[in-house]
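The values are calculated or read from the model by the stated rules, or taken from the named source; none is laboratory data. These figures come from a predicted structure and were not determined experimentally. FYI the Cβ positions are ideal-geometry reconstructions off the backbone, even for glycines, and counts take in every protein chain you see.
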Amino acid sequence: MESKTGQRLKTADILKGLAVLFMIMVHIMEQFADKSANISAFGQVIYFLGGPFCAPVFLAVMGYFLAVSKSNTLGFLKRGFLLFAGGILLNILRSTHLFIAIFFEKYQLDPWFYVFGADILTLAGLSIILIALLRLISKDNLLLYISVLLLIAGFSSFITLENPSMKYLSGFIAGNFAHSYFPLLPWFAYVVAAYVFKILYTRYEFLISKYNSVYLLTIGLIGIAVIVSGKFAFETANNLPLYYHHDYKFFGWTIGFMIVYLFLIHHIVKLLQNSIIIKYISWTGKNVTLIYVFQWLIIGNLATALYQTQDWLESILWFFSITLLASLVTLAYLKIAQYYKSKNDTIF
């Protein structure tokens, strides 16, 4: 029988796997799909799946494991800086085709806009650095993390950094710049929320079994509230500037959604853990960073030639093709890495 820890790890892998698959969908819609596909019912559903199911879930899973991690401050800082630098490098590599076109004056665009895009990897890096600094004060002081959470979630929508001369730097922190997809404000709030959840779960897990009926009733009531207010969330996820720079209302809805989503995924995994689909999604979750990087390298460079020219059916075909290709490249990378690791182990 699998341990509770093993079950939680598998659930986390499924959550990350689904998030990266939905991310591929929405990236294809943004980059490849034409206007009619974007505004169709199909396109709106894809943007919703690419909203609360993706970045908030990925950041929450990361925040949970940061709370669990026994790494020291230096380890956190090193990991954070590497992720941030990796995000910038990915911005450059995924835009290589575009940079060539700009160099040959096919497009009159600012290349720095693409180099310094505030995406999920740069956000993850900065989030880990901030968590490292907070952990210097206290690793599990609930009041500290709740205060930070309320501050970010409540006031981030009122903080804007609109200085044009500092736009590439401030875009990583806040502001409604077009290149600022995932700035720290408000997105760091999801990392802190999961950190708070882990502290609470560790202290009060016994109450779930003791008051199981109350726990299930609470989940049910949250689920009803999420469904009743779902139209608001659906519209927000389909308005990309509003989604990338949402306020506390959408944050609150997404937290409620993730509580119910986590509950459902946890139980679905227990029922279907041996199915091929679950095993594949779990594998994508375990290798989420690699798949994320490879899909962006493919989509980003193809987008220069295919930008918003594909109908909804062609977009679906691109999704399956790119998902398969990214998976195969990831598998090949893992095999090569394992080969050289075993070879070095044999030598030494």
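Given (1) touching a helix residue (DSSP H, G or I) at 6+ places or on another chain (Cβ under 8 Å); (2) over 29 Å from W312 (Cβ atoms); (3) of a type outside the set (D, E, K, R); (4) assigned to a helix (DSSP H, G or I), where does F58 come up short, assuming only one miss?
It is condition (2) that F58 fails.
Name the one entry in Y340, Y244 that is modelled with pLDDT under 95, more than 21 Å from the chain's Cα centre (by Cα) and not acidic (D, E). Break it down stepwise before answering.
Numbers: Y244 fails: more than 21 Å from the chain's Cα centre (by Cα).
The conditions single out Y340.
Can you tell me which residue among L98, L9, L77, L90 is surrounded by 14 or more Cβ atoms within 10 Å (Cβ to Cβ), of a type in the set (A, V, I, L, M, F, W, C) and more than 30 Å from A193 (Cβ to Cβ)? Lay out the reasoning, then the answer.
Values: L9 fails: more than 30 Å from A193 (Cβ to Cβ); L77 fails: more than 30 Å from A193 (Cβ to Cβ); L90 fails: more than 30 Å from A193 (Cβ to Cβ).
Of the residues listed, the single one that is surrounded by 14 or more Cβ atoms within 10 Å (Cβ to Cβ), of a type in the set (A, V, I, L, M, F, W, C) and more than 30 Å from A193 (Cβ to Cβ) is L98.
Residues of the stretch 36-80 being free of Cβ contacts under 8 Å to residues at least 24 places away in the same chain, among the small types (G, A, S) and under 17 Å from G125 (Cα atoms), which ones?
S69, S71, G75
Residue under question is Y195, and the condition is that it be touching a residue at least 40 places away in the same chain (Cβ under 8 Å), under 27 Å from F116 (Cβ atoms) and surrounded by 14 or more Cβ atoms within 10 Å (Cβ to Cβ); does it hold? Spell out the reasoning first.
Numbers: touching a residue at least 40 places away in the same chain (Cβ under 8 Å): yes; under 27 Å from F116 (Cβ atoms): no; surrounded by 14 or more Cβ atoms within 10 Å (Cβ to Cβ): yes.
Here the answer is no, as Y195 does not meet what is asked.
Could you identify the single residue in F81, F116, F103 that is farther than 16 Å from Y168 by Cβ and in contact with a helix residue (DSSP H, G or I) (Cβ under 7 Å, 6 or more places away or on another chain)? Step through it out loud before you land on a result.
Numbers: F116 fails: farther than 16 Å from Y168 by Cβ; F103 fails: in contact with a helix residue (DSSP H, G or I) (Cβ under 7 Å, 6 or more places away or on another chain).
After ruling out the rest, the residue left standing is F81.
Looking for whichever is out of contact with any Pro (no Cβ under 9 Å at 6 or more places or on another chain) and closer than 13 Å to P52 by Cβ here; the options are V191, V226, V214. Which one fits?
Checking each option against the conditions leaves just V226.
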